[in-house]
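S.K.: One structure is given below, represented as structure tokens, and several questions about it will come after.
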Amino acid sequence: MRHKTSVLIVNSRERESKVRQVPTHIIMNWRKYAMLTTLLVAALFLIAGFLIYQNTSRFYREKLERANYIRSRIDLKKALAAFASIDSGMYRINSFLEERGLERLKMKNMGGTGAGFDIIYINEFTDFYKGQLLELEKALNSVPIGAPYGGKITSRYGYRLNPFTRKNTEFHSGIDFRGRVGDSVQCTGSGTVAFAGNKEGFGQCVIIQHNPNLQTLYGHLRQIHVKKGEQVGSRQTVGLLGNTGRSTGPHLHYEIIVKGEKINPEKYLNFDTKNSYD
């Protein structure tokens, strides 16, 4: 049997004291036990610290390896140049639209970069959107967008009363802009002059071929400033507003012709990516 020592515990707030028996060897060797307990606690802290350090180091090593891998895969100069090109492309497109009184193009989310997107593909990503913007800019310059003249629309596409007799109806194949004789009429998209001269009913008239399936017509001009076969740019002056041909007063008659069919030009006065000219 191990020898035990009685320990008297006195509490000044209580009347009765308490007696506890403690193994004598603990009392005799308390310093040793205290030292061992301290060493044990210190060892536990060291082990915990080592494990934390090891995991943290592995985490940062993985991050560093990932960063070095990304750096090796990305051409930073090329990416920066592509972003600059995208920015300048957006500026040119919005300047183009603003010149026509249209709303700026807002790039909220161009898509294609979902949760699976990896930063190592940033060069391919920027090249793709740079190409998309260049194609959009090219299309904007070659299709009729905006108004050829800033006057008030006085006659719309569709059936209307005969402007001369005011009795029977007739089909109006374009839209009319009221204006002053001599004002500039601008081409709404780049292309080639397919016709420039006098055309029955339209008087002095210009027709621009934008692509094999798309034409625009500008009628009742006073003067023509282009000739057949000439390459013209978007917003270039093709003639001066007049009152020639079948006309009741100074105005511009404007048409859009797709695959030989005259369509309503009014919906193309504003930029709409849903419109198709192919």
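S.K.: Return only the number of the condition from (1) under 42 Å from the mean Cα position of the chain (by Cα); (2) surrounded by fewer than 17 Cβ atoms within 10 Å (Cβ to Cβ); (3) within 19 Å of I256 (Cα to Cα) that N198 does not satisfy.
M.R.: It fails just one condition, (1).
S.K.: Can you confirm whether region 259-273 contains a residue that is within 18 Å of N141 (Cβ to Cβ) and modelled with pLDDT of 95 or more?
M.R.: Among the residues of region 259-273, not one is within 18 Å of N141 (Cβ to Cβ) and modelled with pLDDT of 95 or more, which makes the answer no.
S.K.: Given (1) free of Cβ contacts under 8 Å to residues at least 60 places away in the same chain; (2) closer than 21 Å to I93 by Cα; (3) in contact with a strand residue (DSSP E or B) (Cβ under 7 Å, 6 or more places away or on another chain); (4) not polar (S, T, N, Q), where does G245 come up short, assuming only one miss?
M.R.: (2)
S.K.: Please give the number of the condition R166 fails out of (1) on the phi > 0 side of the Ramachandran plot; (2) basic (K, R); (3) in contact (Cβ under 8 Å) with a residue 40 or more places away in the chain.
M.R.: (3)
S.K.: Let me ask something additional. Provide a single number: the residues in region 131-140 that are acidic (D, E) and free of Cβ contacts under 8 Å to residues at least 24 places away in the same chain.
M.R.: Looking only at that region, the number is 1.
S.K.: Now for a separate question. Which residues, taken from region 162-177, are part of a strand (DSSP E or B) and either at pLDDT 95 or above or touching a helix residue (DSSP H, G or I) at 6+ places or on another chain (Cβ under 7 Å) (or both)? Break it down stepwise before answering.
M.R.: Initial filter on region 162-177 (part of a strand (DSSP E or B)): 169-172, 175-177.
I175, D176, F177 - these are the residues of region 162-177 that are part of a strand (DSSP E or B) and either at pLDDT 95 or above or touching a helix residue (DSSP H, G or I) at 6+ places or on another chain (Cβ under 7 Å) (or both).
S.K.: I need the full set of residues from region 141-154 which are touching a residue at least 60 places away in the same chain (Cβ under 8 Å) and of a type outside the set (V, I, T), in order please.
M.R.: N141, S142, P144, G146, A147, P148, Y149, G151
The values are calculated or read from the model by the stated rules, or taken from the named source; none is laboratory data. Quick caveat: nothing in here was measured; it's all calculated off a predicted structure. Ideal geometry is used to build each Cβ from the backbone, glycine not excepted, and the neighbour counts take in all protein chains shown.
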